[in-house]
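Here's the structure we're looking at; comments come further down.
The values are calculated or read from the model by the stated rules, or taken from the named source; none is laboratory data. Quick caveat, the model's predicted, so the values are computed rather than measured. Here the Cβ is made from the backbone with ideal geometry for all residues, glycine too, and neighbour counts use every protein chain on show. The protein model used for the area step is the full one, side chains on, heavy atoms only, and it has no ligands, DNA or RNA in it. Shrake-Rupley method; radii C 1.70, N 1.55, O 1.52, S 1.80 Å.
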Amino acid sequence: MEYKIALMPGDGIGPEIIKEARKVLDATAKIYGHEFSYEDLLLGGASIDVYGEPLTDETIEKAKNADAVLMGAVGADAKTSPWYRLSPEKRPEAGLLKLRKELKLFANLRPAYLYEALKDACPVKEQFYQTGIDLMIVRELTGGLYFGERKTVVENGITKAVDTLTYDENEIRRIARKAFETAMKRKKKVTSVDKANVLDSSRLWRKITEEVAADYPEVTLEHMLVDNCAMQLICNPEQFDVILTENMFGDILSDEASMLTGSIGMLPSASLNETSFGLYEPSHGSAPDIAGKGIANPIAAILSAAMLLRYSFSMEREAKAIENAVNAVLNEGYRTPDIMSENMIKVSTQEMGNLIIKKIQ
């Protein structure tokens, strides 16, 4: 069976890391007898340069007609790039937000896994965990503060900005179910993160999550305030299995969790809708300062490709083969600069991709 993958390399290091991820997908397809076809699409600054906008309607339709989307990164240096002289809705990141909304990608899954070989790169001391770090953040992606009504007005000579945080029970219920379903395949624990001591939206979040939990008696549910969760991720990260949270909290906590893996260059993600369709992307940014130098870490993009195989194509064996290949290469001491340590072997973006391909079985 042939699967169609839309590639959105984007900006900065995006094209470099997506090139390596595609190579890994092709190698996996060859070994396991699959056929993948690709269509390159423009997103973010790359789209602005050609079309004058970060995401076109034609691109959205082409993405919808694919079986999955693999994305690199969007954006540039906001201080120097002409893209950031445009109005906010015309900037690169607006294209990604619109894409998530148009594709109905309400669930963002971000695993944070510390490979044994990268323990020295993790800034959290080993005394704070014994059994290892392996957690999944399930973030609601199309609601909350980022998608609420906003305005900037002048009242009585004073400029005032307003951003609205809104969730309804259906939005909360569907992301909670995704978290509990995810936990059922892991260690069967959900930590729901909110700010219920202050926010009405969080109190509703907690109420609906408890209703959903009743349908999953095997899963343990606990509630945690977001400020406490931020602390616990550092002082006791191994307590977490699945972290369920809303859009903005998830944005912040997932970046914090990325450092538990040794580098944000190790963190993949999946954004899913209510079918098997998903958009897969590394959680790091476009890193314009190192773009074109061949030193970017492609592992997050490669692991995102593995998530694509698992969640959109139901290819668990193939996904695991890629993850095992990454582990094997790291165990042999190969490192890109962001995870480099003493006595290790420094390699380029392309070399890391080639090494991982050789280990896929």
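Given the options A270, A6, N331, identify the residue whose Cα lies farthest towards the positive end of the charge dipole of the chain (+1 on Cβ of Lys, Arg; -1 on Cβ of Asp, Glu). It is N331. For the chain, the share of accessible area belonging to carbon and sulfur comes to 50 percent (1.4 Å probe, ligands and nucleic acids excluded). Coupling constants for segment 275-283 follow from the phi torsions by the Karplus curve (6.51 cos²θ - 1.76 cosθ + 1.60, θ = phi - 60°), and in residue order they are 10, 8, 6, x, 10, 10, 7, x, 7 Hz; glycine and proline get x.
3J(HN,Hα) couplings calculated from phi for segment 204-220 with the Karplus curve 6.51 cos²θ - 1.76 cosθ + 1.60 (θ = phi - 60°) are, in sequence order, 5, 4, 5, 4, 5, 4, 5, 5, 5, 4, 4, 7, 10, x, 7, 9, 7 Hz; Gly and Pro show x. Of the residues F240, V153, L55, the one whose Cα sits farthest toward the positive end of the charge dipole of the chain, with +1 on the Cβ of Lys and Arg and -1 on the Cβ of Asp and Glu, is F240.
Amide H to amide H distances under 5 Å link G278 with V69, where only residues 5 or more positions off or on other chains count and H is placed in the peptide plane. Seen from all directions on average, the chain presents a Cα convex hull projection of 19.2 nm².
Accessible area per residue for the chain, computed on protein heavy atoms with a 1.4 Å probe, is 44 Å².
Under a 5 Å amide H cut-off, with hydrogens placed 1.01 Å from N, T336 pairs with V347 among residues at least 5 apart or on other chains. Only the Cβ atoms of Lys and Arg (+1) and of Asp and Glu (-1) were treated as charged; on that basis the dipole of the chain about its Cα centre amounts to roughly 260 debye. Relative to one another, the C-alpha centroids of segment 296-314 and segment 96-127 are positioned 12 Å apart. Within the listed set V162, V193, V219, the residue fluctuating most in the Gaussian network model of the chain (springs between alpha-carbon atoms under 10 angstrom) is V162. Name the most mobile residue of D215, D241, D120, meaning the one with the largest mean-square fluctuation, in a Gaussian network model of the chain with Cα contacts below 10 Å. In this elastic network of the chain, the residue with the biggest mean-square fluctuation among D215, D241, D120 is D215.
Highest mobility in the GNM of the chain, judged by mean-square fluctuation with C-alpha springs under 10 Å and restricted to N247, N331, N156, is found for N156.
By definition, a body whose alpha carbon gyration tensor gives a ≥ b ≥ c is prolate when a/c is 1.5 or more and a/b is larger than b/c, and segment 103-203 fits this prolate description.
Amide H contacts for L43 (H built 1.01 Å from N in the peptide plane; partners 5 or more residues away or on another chain; cut-off under 5 Å): G10. Rounded to whole numbers, the Karplus 3J(HN,Hα) couplings from phi for segment 347-361 are 9, 7, 4, 5, 5, 5, x, 5, 5, 5, 4, 5, 8, 6, 10 Hz, using 6.51 cos²θ - 1.76 cosθ + 1.60 with θ = phi - 60°, and x at Gly and Pro. Separation of segment 222-275 from segment 9-81 is 25 Å, based on Cα centroids.
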